[in-house]
Amino acid sequence: MTINWFPGHMNKARRELAEALRRIDVVIELVDARLPRSSRNPMLEELRGETPCLTLLNKSDLADPATNRAWLEVLDRVGDRAAIEISADRPASVRGVPGRCRKLAPHRRGPGKTLRCIVVGIPNVGKSTLINTLLGRHIARVADRPAVTQHQQRFHLDSGISLADTPGVLWPKLADQQGAYRLAASGAIRETAFDVMDVAVFAVGFLAARYAEPLRKRYKLDLLASEPLDLLESIGRKRGFLRRGGVVDVERAAETLLRELRAGELGRVSFERPEDFCDLQS
Ligand SMILES: Nc1nc2c(ncn2[C@@H]2O[C@H](COP(=O)(O)OP(=O)(O)OP(=O)(O)O)[C@@H](O)[C@H]2O)c(=O)[nH]1
Ligand SMILES: [Mg+2]
């Protein structure tokens, strides 16, 4: 699959991120709980140097709870970072974020000192939503599509913390094609940059392998065909997506599957588990 990863503003965002990281006390890294590895920006480690990092598994409401726990265990093992799971529908899960940031930068405690934090992450992962929850107001612009925030913007919390919202950044090369498919299936990449059919074929094949029962139930399928394209065709047939002559509209089935998967209508789905990565085995 070829994905046009790096439109002009993404390039600019990378430069801005590198620049912004120089005056920062704590990096708040948002990853998508459904794909914590593939949604993590590999450039961040290189760019942040020794600045401590709080990793937040966001959209945890859409991911498998047991898999969320498994990821937190893995992420907790890594040196100067802390990790917690959060979701926008549970503001209480977000409340601990300022305290965690303070803990990571004890030298910035004291009267008159502002803790400077930056929120980074891939497009559409929920950075602006997190900032709004922390502020208790809808100030940062939010929408369910990638590349909504176009410029860095700084906000102040009452508790002496400043937060910078940043545009989502994807990286130019992706070594792992599976990762690219997961990102596209999760909604991190603009639909104009990939082939919907390709990604839906990946997604339905993945669901048949790991979430067969929810897939069967959602689309009222008796048996799951072994070929992903046949699966999409049975979904289209069940939904009555027929073209003239009774031919199934497989494209419409593909779009429907991706939309419903992203909205959580197939239940809580994690696209990757720690055991899928050999370097994460303990
Ligand atoms: N289910 C779920 N949806 C969320 C969560 N957090 C954010 N969203 C939704 O995800 C979409 C993107 O949220 P934004 O806050 O605009 O994401 P962003 O990271 O700022 O995106 P860019 O500015 O485009 O990089 C919106 O539809 C949010 O409502 C969450 O915890 N769970
Ligand atoms: Mg945003």
Candidates Val74, Val27 - the one that is buried (at least 21 other Cβ atoms within 10 Å of the Cβ) and either at pLDDT below 95 or touching a strand residue (DSSP E or B) at 6+ places or on another chain (Cβ under 7 Å) (or both)
Val27
Among the residues of the range 261-270, is there at least one that is free of Cβ contacts under 8 Å to residues at least 12 places away in the same chain, within 30 Å of Leu75 (Cβ to Cβ) and aliphatic (A, V, I, L, M)?
yes
Being more than 11 Å from ligand 2 (Cβ to nearest atom) and in contact with a helix residue (DSSP H, G or I) (Cβ under 7 Å, 6 or more places away or on another chain) is the filter here; which residues of the range 123-139 pass it?
Thr133, Leu134, His138, Ile139
Please state which one of Ala66, Ala82 is hydrophobic (A, V, I, L, M, F, W, C), more than 18 Å from Asp25 (Cβ to Cβ) and surrounded by fewer than 20 Cβ atoms within 10 Å (Cβ to Cβ).
Ala66
In this structure, is Leu207 under 20 Å from Pro274 (Cα atoms), in a helix (DSSP H, G or I) and outside the structural domain of Leu266 (by TED's automatic domain parsing)?
no
Go through the residues of the range 147-169 one by one and say whether even a single one is near ligand 2 (Cβ under 10 Å from one of its atoms) and touching a Leu at 6+ places or on another chain (Cβ under 7 Å).
yes
Within the range 76-119, restricting to residues that are among the acidic types (Asp, Glu) and closer than 22 Å to Arg34 by Cα, the one that is nearest to the chain's Cα centre (by Cα) is Glu85
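Applying the selection to the range 130-162, what residues are part of a helix (DSSP H, G or I) and without any contact (Cβ under 8 Å) to a residue 60 or more places away in the chain?
Ile131, Asn132, Thr133, Leu134, Leu135
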Among Ala209, Ala254, which is the only one that is among the hydrophobic types (A, V, I, L, M, F, W, C), loosely packed, with under 15 Cβ neighbours inside 10 Å and closer than 21 Å to Leu62 by Cα?
Ala209
Hey, could you check the range 218-272 for residues that are part of a loop (DSSP other than H, G, I, E, B) and among the aliphatic types (A, V, I, L, M) and say which is farthest from Ser87 (Cα to Cα)?
Val247
Just the residues that are small (Gly, Ala, Ser) and within 14 Å of ligand 1 (Cβ to nearest atom), please, taken from the range 135-174.
Ala140, Ala143, Ala147, Ala164, Gly168
Determine whether Gly187 is more than 16 Å from ligand 1 (Cβ to nearest atom) and among the small types (Gly, Ala, Ser).
no
Does Ser93 satisfy being more than 13 Å from ligand 2 (Cβ to nearest atom), part of a loop (DSSP other than H, G, I, E, B), at pLDDT 90 or above and not charged (D, E, K, R)?
no
Please determine whether any residue of the range 215-230 is surrounded by 14 or more Cβ atoms within 10 Å (Cβ to Cβ) and acidic (Asp, Glu).
no
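The values are calculated or read from the model by the stated rules, or taken from the named source; none is laboratory data. Treat the numbers as computed from the prediction; the structure is a model and nothing was measured. Backbone-built Cβ (ideal geometry, glycine too); neighbour counts: all protein chains shown.
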